[in-house]
Amino acid sequence: MVSKIVKGKSFMGAVKYVMGKEKSRYLVGTLAGRSPESIGEEIRVFNRVASHLGQRKPVFHESINLAQGERLSDREWEYIVKEHMKAMGFDGAPWVAVRHGDRKHDHVHVVALRVSPGHKTIQVDWDYERAAKHLLSLSREFGLKEVKTHRMNYMDKIQGQEPSL
């Protein structure tokens, strides 16, 4: 598994993008809504909190991708996304995961707002590295192809060992 992370300004813009793609479907999330409209109603309060906290880019958007030819069930994806969001510090934060079938490789998109249940900013320092290490661990757990980032390979070379997870 490998991911791509983007930070942005509009939660609803990201949600409409990931849910509006052909062959996309809601997978799991912490919000009760299952459509862009119902999610929009719910997220208004959190958007105000994010604005109050002075966040310039309050949206965390991550696509989690499997190697071509690998597939997971919805239940397996749900487990992976929930565990991954906890590991990334988004436990209890508003987020939604959407599965896409528009590419040759199996993948999901996760859109989250960087506001904790205690109305504090969720820090995303070193998020690329933390995500890569956690997804490497999950890849091993599920017997998926292990994909290391360039930075992880470089650290292995310097240290002569596996990166700590």
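The values are calculated or read from the model by the stated rules, or taken from the named source; none is laboratory data. Quick caveat, the model's predicted, so the values are computed rather than measured. Positions of Cβ are generated from backbone atoms using ideal geometry, with glycine treated the same way; all protein chains shown enter the neighbour counts.
Structure data summary
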| read-out | value |
| --- | --- |
| Hits in the range 110-127 (condition: among the hydroxyl-bearing types (Ser, Thr, Tyr) and either at pLDDT 90 or above or touching a Leu at 6+ places or on another chain (Cβ under 6 Å) (or both)) | 121 |
| When residues of the range 134-152 are limited to those that are of a type in the set (D, E, K, R) and at pLDDT below 90, the one surrounded by the most Cβ atoms within 10 Å (Cβ to Cβ) | 148 |
| Residue list for the range 40-71, restricted to those being among the β-branched types (Val, Ile, Thr) and more than 17 Å from residue 100 (Cβ to Cβ) | 43, 45, 49, 59 |
| Which numbered condition residue 33 fails, given (1) within 28 Å of residue 144 (Cα to Cα); (2) assigned to a loop (DSSP other than H, G, I, E, B); (3) touching an Asp or Glu at 6+ places or on another chain (Cβ under 8 Å) | (1) |
| Single match in 70, 83 (criterion: surrounded by fewer than 18 Cβ atoms within 10 Å (Cβ to Cβ), within 12 Å of the chain's Cα centre (by Cα) and in contact (Cβ under 8 Å) with a residue 12 or more places away in the chain) | 83 |
| Extreme residue, surrounded by the fewest Cβ atoms within 10 Å (Cβ to Cβ), among residues of the range 108-131 that are more than 13 Å from residue 57 (Cβ to Cβ) and of a type in the set (D, E, K, R) | 125 |
| Given (1) touching a residue at least 60 places away in the same chain (Cβ under 8 Å); (2) under 21 Å from residue 115 (Cβ atoms), number of the condition residue 56 does not satisfy | (1) |
| Evaluation of residue 61 against (1) under 14 Å from the mean Cα position of the chain (by Cα); (2) assigned to a helix (DSSP H, G or I); (3) free of Cβ contacts under 8 Å to residues at least 60 places away in the same chain (one fails), failing number | (2) |
| Qualifying positions in the range 13-24 - touching a helix residue (DSSP H, G or I) at 6+ places or on another chain (Cβ under 7 Å) and surrounded by fewer than 17 Cβ atoms within 10 Å (Cβ to Cβ) | 16 |
| In the range 25-51, residue nearest to residue 11 (Cα to Cα) [restricted to those that are within 19 Å of the chain's Cα centre (by Cα) and exposed (fewer than 12 other Cβ atoms within 10 Å of the Cβ)] | 35 |
| Enumeration of residues in the range 82-100 that are β-branched (Val, Ile, Thr) and closer than 22 Å to residue 126 by Cα | 96 |
| Lone qualifier among 38, 51 - being over 19 Å from residue 120 (Cβ atoms), of a type outside the set (A, V, I, L, M, F, W, C) and either modelled with pLDDT of 90 or more or assigned to a helix (DSSP H, G or I) (or both) | 38 |
